[in-house]
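Data first, discussion second: the structure below is written as structure tokens.
The values are calculated or read from the model by the stated rules, or taken from the named source; none is laboratory data. Computed from a predicted structure; not experimentally measured. Using ideal geometry, Cβ is built from the backbone for each residue, glycine included, and neighbour counts are taken over all protein chains shown. Quick note on the areas: whole protein, heavy atoms, side chains included, nothing else; ligands and nucleic acids left out. Shrake-Rupley method; radii C 1.70, N 1.55, O 1.52, S 1.80 Å.
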Amino acid sequence: MPFWKKAVICIVTIEVLGNASGLVTLFSLEGWYDSLKKPPGTPPTGTFGPVWLIIYAMMGLSLALLLSKEAQRSLKRRALTWFVVQFCLNLSWTPAFFGLQRIDLALVIIIPMLLAILMTIRSSWPVSKTAALLLLPYLLWVGYATYLNAGFLVLNPPG
């Protein structure tokens, strides 16, 4: 399969799955989320959608590169395994935070997600430096989101 087809399939798949998990956000923004005390530096609500659209596209391209590159089988498998781990954590964060309205559970998810993204970048580097570099904005965004998640928890303790 030509790379461009693989890239389109990966990007569309990541976008669809990522945005599907974000559907629960629609039902929580007005009311619950708006009522929360927000940590300093919280961006306007409209920022999140466009940022995730770009990040998911970069993730999809990264995945396509990992799938396409010829590399030692164990290196490629490790990179793809970490990719799947971080993406599963990514898909579970939004339902935890917005769907269940569990800021504490979301923090328990986002910290390992941040570490899994680091491991994805690290394990992708020997397979495709470009694939690894495409994940750096994602790492930075999730680092920022981890700060926000922790801030929301401190300002809005459970109970």
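When segment 70-90 is filtered for residues that are surrounded by 17 or more Cβ atoms within 10 Å (Cβ to Cβ) and either under 11 Å from the mean Cα position of the chain (by Cα) or not small (Gly, Ala, Ser) (or both), the ones remaining, listed by number, are Lys76, Arg78, Leu80, Trp82, Phe83, Val85, Gln86, Phe87, Leu89, Asn90. In segment 61-69 there is at least one residue that is open to solvent by less than 10 Å² (accessible area, probe 1.4 Å), touching a residue at least 12 places away in the same chain (Cβ under 8 Å) and aliphatic (A, V, I, L, M). Might you check whether a residue that is closer than 29 Å to Val154 by Cα and either in contact with a strand residue (DSSP E or B) (Cβ under 9 Å, 6 or more places away or on another chain) or modelled with pLDDT of 95 or more (or both) occurs anywhere in segment 64-81? The answer is no; no qualifying residue exists. When segment 113-143 is limited to residues that are within 14 Å of the chain's Cα centre (by Cα) and without any contact (Cβ under 8 Å) to a residue 24 or more places away in the chain, the one that is least open to solvent (accessible area, probe 1.4 Å) turns out to be Ile121.
Among the residues of segment 144-159, the one identified as open to solvent by less than 30 Å² (accessible area, probe 1.4 Å) and closer than 21 Å to Ala57 by Cβ is Ala145.
Sort out which residues of segment 47-60 are open to solvent by 60 Å² or more (accessible area, probe 1.4 Å) and without any contact (Cβ under 8 Å) to a residue 40 or more places away in the chain, and write them in order of number. Result: Pro50, Leu53.
Based on what the data block shows, is Gly18 open to solvent by less than 50 Å² (accessible area, probe 1.4 Å), in contact with a Phe, Trp or Tyr (Cβ under 9 Å, 6 or more places away or on another chain) and either part of a helix (DSSP H, G or I) or without any contact (Cβ under 8 Å) to a residue 12 or more places away in the chain (or both)? It is true that Gly18 is open to solvent by less than 50 Å² (accessible area, probe 1.4 Å), in contact with a Phe, Trp or Tyr (Cβ under 9 Å, 6 or more places away or on another chain) and either part of a helix (DSSP H, G or I) or without any contact (Cβ under 8 Å) to a residue 12 or more places away in the chain (or both). Per the conditions (1) under 28 Å from Ala132 (Cβ atoms); (2) of a type in the set (S, T, N, Q); (3) open to solvent by 50 Å² or more (accessible area, probe 1.4 Å), the sole criterion not satisfied by Thr94 is (3).
Just to be sure before I move on: is Met58 touching a helix residue (DSSP H, G or I) at 6+ places or on another chain (Cβ under 9 Å), part of a helix (DSSP H, G or I) and of a type in the set (A, V, I, L, M) in the structure I sent? Taking the combined requirement at face value, the residue satisfies it.
Within segment 33-44, being exposed (fewer than 13 other Cβ atoms within 10 Å of the Cβ) and in a helix (DSSP H, G or I) holds for Asp34, Ser35. Can you work out which of the residues in segment 86-134 that are among the hydroxyl-bearing types (Ser, Thr, Tyr) and assigned to a helix (DSSP H, G or I) is nearest to Leu66 (Cα to Cα)? By that ranking, first place goes to Ser124.
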